[in-house]
Each structure stands twice: as structure tokens, then as C-alpha cells.
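The values are calculated or read from the model by the stated rules, or taken from the named source; none is laboratory data. Values in this document were obtained by computation on a predicted structure and should not be read as measured data. Methodologically, a virtual Cβ is constructed for each residue, glycine included, from the backbone with ideal geometry; neighbour enumeration extends over all protein chains shown. Heads up: the accessible areas ignore ligands, DNA and RNA and are worked out on the full protein's heavy atoms, side chains in. Shrake-Rupley method; radii C 1.70, N 1.55, O 1.52, S 1.80 Å.
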Amino acid sequence: IPYLDAILDQIDQADRASWAAASCKVQGLGTGCDEKYYNEAFAGDAIVVSVALASKVKGYKTLYKEVSQGKLQKIETRVTKDGRTAAKIMPIKFGDKTSPLLAGNTVEVWLKDGTTEAVREFPDPPINGKVCAVLGAGNQTFLSLTDVLDRMFLHSEVVCLKHHELRSYSSPHVAFVYQKLIADGYMAEFSGDGAQGAALVAHPLVGHVHITGGVGTFNKIVWGKTPSEQEANKKAGTPVLKKSITAELGNVTPWVIVPGGEWKDSDLSHHAEQICGAFTGNNSCNCMTPRVVIMSKTWQHRERFMHHFRTHLAKEKCNPPYYPGTGDRYRRFLEQYPDAEVVKTELSMPPNSQGQLLAEPGQRVLDEQTPWALVHKDLSAVKSDEYGFQTEAFAPILFFLTLPEENSDEFARAAVKVCNEKLCGTLCAILVVHPDVEKSHPSLVDELVGKLEYGMIGLNCWLHSAYIIDRFPWGGWGHETLRDCKSGVGFVSNSLCIQNIEKSFLRTDFVSPGHFKRNLSPPTEIATVLGGLMARPSFLNFTRLFRTMLSLVFSGVLKALGFKTLKAGS
């Protein structure tokens, strides 16, 4: 517990401004960038890192307090309408009901068939005295930090973290946040390339590997360097990795809109905006970015929904394609789908005088703009090996798939079948179900959640908020195996130590203030202070926030009057 408290103190004292500014440079954002897009990227490290990390730390503190008392509290369960056992893990404490983002939400952990109670067992510590190698993600900073917490405080492992090359700027900041653990010899961290990552994995002192990344990298680590070697080793059951491994990989994420119910026009706009924000955020380089929106061809609101979606999309500027390979993947998709609807909007960051988009590290010359691309498909035209359904784009490509079924229940069951059988990956799936449909089909949501072969399911919401829930198990479907791994093996952040997990299920209201929207990030000065406040709520941090807000208001007034603008916080 003192180590966890020390992490919270270090988050509060971290230089969030320089950390976040460095992240923006990696994303190709700097002087001249549209302010709201810069603020959003800045908040990704200044606020999101602090909130996600602090949330997980507090979850592990709760766990350790229970462990110190000698008994893990029993968790309430229910039997679902299809006979499954689901553990209710939210709300269970006061903050669950008062948080402006989470109030009204519920989270259940669905257990594997045959499990009748939520058994909680703290994992046995490793007996071999070896190190866990954590291979950090390249697309989000907070993932590496929370992976470290999971392996150290839930699995009792000493950790060596290798930062992704894009996130090398995080090294001094991570070292600061985990200062006490590093000083006492429980953790090490470094930046390196793929060769150094391979050397770490192969090191004789490493006994376990955890990776957040792509399935291609996973297969190289576990099964061999080349596709032919991988295939041969899979057939023979002889992985080249002789160590245990856990992983969180990618997904062709489905977003199923069930027809039926009295949708208001504002409802259509709300859900179109949520999908648009989830699609365009981080230039579509998130593991849970929506990839296939599934609708009924005869849904009476489909055209109106698409109108709202295109309206929201037209307002979104494109960020530079900073993530390695984005341009190549994008072009391969357009070669496969030459009839794609390409929506070209402005760049959030203009090119330099040579017409180049540059980014750190090393002033990389980025690819040209990758405009939003929409691919429209009817199920009747989908091939058995449909490229876009078997390949995660990790680029701004979004499919809209129509099915022939009209009725809510028939469509929903057909959509689940498509998700399970035609789309690659098992990480997460989203369902949108109008309350009228739930009332007329009271067992439908339970049936759909039970049948979806995914590790995380959201009802009416993107799963971005799941990562700030301290006890939300995150990972691919609980039945994934090394031999046929698509979205990962194992769950992270299972701070309730629940056994036999198959999936996590987050339910929100049909329209909720916690649903994802872009361009709501505060100015960088406020984001910097807010990150500390959310990690360590205190009178001092409240005072800092108030002073910063007051300074910004005063500076705005002076600017409006024609005076020289004061720097916020001065």
C-alpha cells in the first residue's frame, strides 16, 4: 500500500505539461495546429494518463486492504435470462453512483459456462523468481503504465518495461511516477527498438511476457519469425516461446444498431456523433476503434442516421497519420475497395513550407493525409474471406454493413452471427438497443451478450470509459488460446481477482452524458492542473485549478480589450 500511495503522489507531482507536449510532437502536432485538436491530444497524456493510472492504483489499494484483513468480500451475482452467472461489480461503492461519467452505469463480469458463483482468489506469486517483460503499446501512453501495475500488484512480479519506440519520451516521466519501485529494485524501464524487445523476451531472467500490440507481433514472439514457421509450429504444437505470455491485441470492432423503437432525431444525432468520435479519435489507431457498423437495410431511420453521421464527420479535421504504417494500410484498403466513399476534410496540423508533415522522434516525415474512408456493404456481397473483415485497418477506414432482417430480435441474432463468424477478433463489441426494444423483448440483451464471443461488450456506449473503472477486466474473449489467438489471452486490471471470466459487460443509458464526444478537452493549462486534481483530490489542487481558470478568464478579457495576453497561470 505505501508503494501505491507513492505512485499517487508522483502522479500529482509529475511534469504533466512536458509529458503531454512531447506526446503531441509524436503525433505531429505543434505550432499552427488547430487548438481544439491539440488540446485533445494534450489531454490524452495530461488527464487520461493520470485518471486511468490513479483509478487502477486505487483499485489495487482496495484489494490490498481486503487481503490484509484476511478475506476477500463476496460479490453479488445474478442468473442471466439464458442461465449464465454474472457478477455485479458496479455500482458497489459511493463513487460509482456520484461520478458524472459513470453514474447510472452498471458493469457485470459474465463467467464461463458451468461457473455458478463469483470465486475471488488472489493469484499465487511466481515461484521461479524471474522477471516479467512488459512490451509497451505504441498508440496510447497509459496502457504501458497500467500493464505494469497489473503484473506487479496483481501477479506479484518484478517488471521490466520496454517502451514502444514512439513512446520513448515517456521514459523519464514513467521513471518519476514509479520512482520508489525502481529505487527498491522492483521495476526497471527502458526505451528500445524491436531487436531490443526480442532480446528482453529471450533473456533467461524473464519468466513471463505481457504485450499490448498487434497479432502479427504476438505470433512472431510465440510461434516464429515467418508465416511458414508459425504455421508449422502451430500444427506441431511447438511454440518457440518457452515462457508464459498474456496479451491484449487488436480487433475488427463491430457496432450493432438494433432496429426498433421510437428514435428521436436527437437520438440519431447523438449515436452518430458517438460513433464518429470513436472512429476519428487518435486517427482511428485504437484497438477498440469501430470498424464495422451493422444496421438493418430496412431500418426506417438508416438514411437519417447516415445523414447525421456524415454531418458530424464533415466537421472533423484529420490529424497527421503519425502511427507507423498507417498510410500503407490505408492504401491497401482502398485498393481492395476502390468504390469507398472518401470524405476529405482539412488537416488539423498544416504541412510545413516544404509541404511535409513532421513528427517526433527524429523529425520523421509522415505520409500524406489519409482522409476518412467509408465502405458500404450489403451482407449478400460479403465474401467468405472479406479483406476488411479479416484485417484490422488501424487507419481511418469504416465499414457500414446492412443485413436483410427487419425485426429487432431477428436482426440482432443475425448480427451476432456475423460478428462471431465473419469478423476477426474478440476484444470488444458494441450494441445499441432502444429502451422500447428492451421493454418489448426483455430477454434480448442477455441473449445477445451471452452469444457474443467477445471479451468486452458495451450497451449503447463506446468502451473508452471502461478503462477508468478500477475493477473492469480488460481483454479478449475468455476462451482464446495461444494457437488461435486473435485479440489476446488473459485479462488485465481484474483487481477483484474474479476467476473463470468469459467477458465484461458495461451497460449505460440509451443517451448518457458519459458517452464519447470529441473536442471537449479543456485548454492545456487547465488539463495540466486537472490531471493532478483527479489523481490526488486536495484543497491545494482545487486552489491551483481555480487560480488557473481565473487567470485564463482574465487573459481572455485583456486580449479582447487589445492588451497583451498574459500567460495562463502567471
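So residue 75 clears everything in (1) free of Cβ contacts under 8 Å to residues at least 60 places away in the same chain; (2) closer than 15 Å to residue 471 by Cα except one condition, right? Which one?
(1)
How many residues, within region 26-49, are closer than 15 Å to residue 170 by Cβ and either of a type in the set (Gly, Ala, Ser) or touching a strand residue (DSSP E or B) at 6+ places or on another chain (Cβ under 7 Å) (or both)?
The number of residues fulfilling the criteria is 5.
Limited to region 183-214, what total is found for residues that are farther than 30 Å from residue 486 by Cβ and part of a helix (DSSP H, G or I)?
So the answer is 1.
If I go through region 22-36 residue by residue, how many of them are open to solvent by less than 30 Å² (accessible area, probe 1.4 Å) and assigned to a helix (DSSP H, G or I)?
4
Which is at pLDDT 95 or above and assigned to a loop (DSSP other than H, G, I, E, B), of 419, 424?
Selected residue: 424, the only one of 419, 424 that is at pLDDT 95 or above and assigned to a loop (DSSP other than H, G, I, E, B).
How many residues does region 496-526 contain that are farther than 13 Å from residue 87 by Cβ and either over 15 Å from the mean Cα position of the chain (by Cα) or at pLDDT below 95 (or both)?
20
Residue 180 - would you say it is closer than 28 Å to residue 428 by Cβ, in a helix (DSSP H, G or I) and open to solvent by 20 Å² or more (accessible area, probe 1.4 Å)?
no
Select from region 490-500 the residues that are at negative phi and buried (at least 22 other Cβ atoms within 10 Å of the Cβ) and list them in ascending order.
Residues satisfying the conditions are 491, 492, 494, 495, 496, 498.
Quick one: count up the residues across region 438-476 that are closer than 25 Å to residue 60 by Cβ and outside any loop (DSSP other than H, G, I, E, B).
Residues flagged as closer than 25 Å to residue 60 by Cβ and outside any loop (DSSP other than H, G, I, E, B) within region 438-476 amount to 10.
Which of the residues spanning region 140-177 are in contact with an Asp or Glu (Cβ under 6 Å, 6 or more places away or on another chain) and in a strand (DSSP E or B)?
Answer for region 140-177, where residues must be in contact with an Asp or Glu (Cβ under 6 Å, 6 or more places away or on another chain) and in a strand (DSSP E or B): just 161.
For region 290-306, give me each residue that is aromatic (Phe, Trp, Tyr) and either without any contact (Cβ under 8 Å) to a residue 24 or more places away in the chain or closer than 8 Å to residue 259 by Cα (or both).
Passing the criteria: only 299.
If I go through region 220-233 residue by residue, how many of them are open to solvent by 20 Å² or more (accessible area, probe 1.4 Å) and closer than 22 Å to residue 197 by Cβ?
Residues in region 220-233 being open to solvent by 20 Å² or more (accessible area, probe 1.4 Å) and closer than 22 Å to residue 197 by Cβ: 8 in total.
Which count do you get for residues in region 196-208 that are more than 26 Å from the chain's Cα centre (by Cα) and open to solvent by less than 70 Å² (accessible area, probe 1.4 Å)?
Of the residues in that region, 3 qualify.
Here is a list: 137, 133. Which entry is touching a residue at least 12 places away in the same chain (Cβ under 8 Å), buried (at least 20 other Cβ atoms within 10 Å of the Cβ) and in a loop (DSSP other than H, G, I, E, B)?
Matching residue, one of 137, 133: 137.
Quick one: would you say residue 238 is open to solvent by 10 Å² or more (accessible area, probe 1.4 Å), modelled with pLDDT of 95 or more and closer than 29 Å to residue 38 by Cβ?
no
Working carefully through the options 435, 361, 371, 442, find the one that is within 29 Å of residue 41 (Cα to Cα) and touching a residue at least 60 places away in the same chain (Cβ under 8 Å).
Answer to the selection: 361.
Looking only at region 251-300, how many residues end up being open to solvent by 10 Å² or more (accessible area, probe 1.4 Å), part of a helix (DSSP H, G or I) and over 12 Å from residue 462 (Cβ atoms)?
Here the count works out to 6.
Taking residue 82 and the conditions (1) crowded, with 22+ Cβ neighbours inside 10 Å; (2) acidic (Asp, Glu); (3) not in a helix (DSSP H, G or I), which numbered condition does it fall short on, given that it satisfies the others?
Only one criterion is unmet by residue 82, namely (1).
Only residues that are aliphatic (A, V, I, L, M) and out of contact with any strand residue (DSSP E or B) (no Cβ under 8 Å at 6 or more places or on another chain): list them for region 466-484, please.
Scanning region 466-484 gives a single hit, 468.
Report, by residue number, each residue of region 381-401 that is surrounded by fewer than 19 Cβ atoms within 10 Å (Cβ to Cβ), touching a residue at least 24 places away in the same chain (Cβ under 8 Å) and among the hydrophobic types (A, V, I, L, M, F, W, C).
382 - this is the single residue of region 381-401 that is surrounded by fewer than 19 Cβ atoms within 10 Å (Cβ to Cβ), touching a residue at least 24 places away in the same chain (Cβ under 8 Å) and among the hydrophobic types (A, V, I, L, M, F, W, C).
Looking only at region 37-72, count every residue that is in contact (Cβ under 8 Å) with a residue 60 or more places away in the chain and not in a helix (DSSP H, G or I) and tell me the total.
Residues meeting the conditions: 1.
Cβ-Cβ distance below 8 Å, separation of 6 or more or different chains: which pairs start in region 111-129 with a residue that is within 17 Å of residue 66 (Cβ to Cβ) and end on one that is among the β-branched types (Val, Ile, Thr) and in a loop (DSSP other than H, G, I, E, B)?
118/75; 120/75
Out of the residues in region 183-195 that are crowded, with 18+ Cβ neighbours inside 10 Å and not hydrophobic (A, V, I, L, M, F, W, C), state the one that is modelled with the lowest pLDDT.
191
Is it true that residue 97 is assigned to a helix (DSSP H, G or I) and exposed (fewer than 13 other Cβ atoms within 10 Å of the Cβ)?
When the stated conditions are applied, residue 97 does not pass them.
Can you tell which of 358, 313, 347 is open to solvent by less than 20 Å² (accessible area, probe 1.4 Å) and of a type in the set (A, V, I, L, M)?
After applying the criteria, what remains is 313.
Which condition number in (1) open to solvent by 10 Å² or more (accessible area, probe 1.4 Å); (2) within 19 Å of the chain's Cα centre (by Cα); (3) touching a residue at least 60 places away in the same chain (Cβ under 8 Å) is the one that residue 476 fails?
Here residue 476 clears every test but (1).
Among the numbered criteria (1) under 30 Å from residue 113 (Cα atoms); (2) under 21 Å from the mean Cα position of the chain (by Cα); (3) not acidic (Asp, Glu), which single criterion is violated by residue 23?
(1)
Please go through region 255-274 and pick out each residue that is without any contact (Cβ under 8 Å) to a residue 60 or more places away in the chain and among the hydrophobic types (A, V, I, L, M, F, W, C).
268, 272
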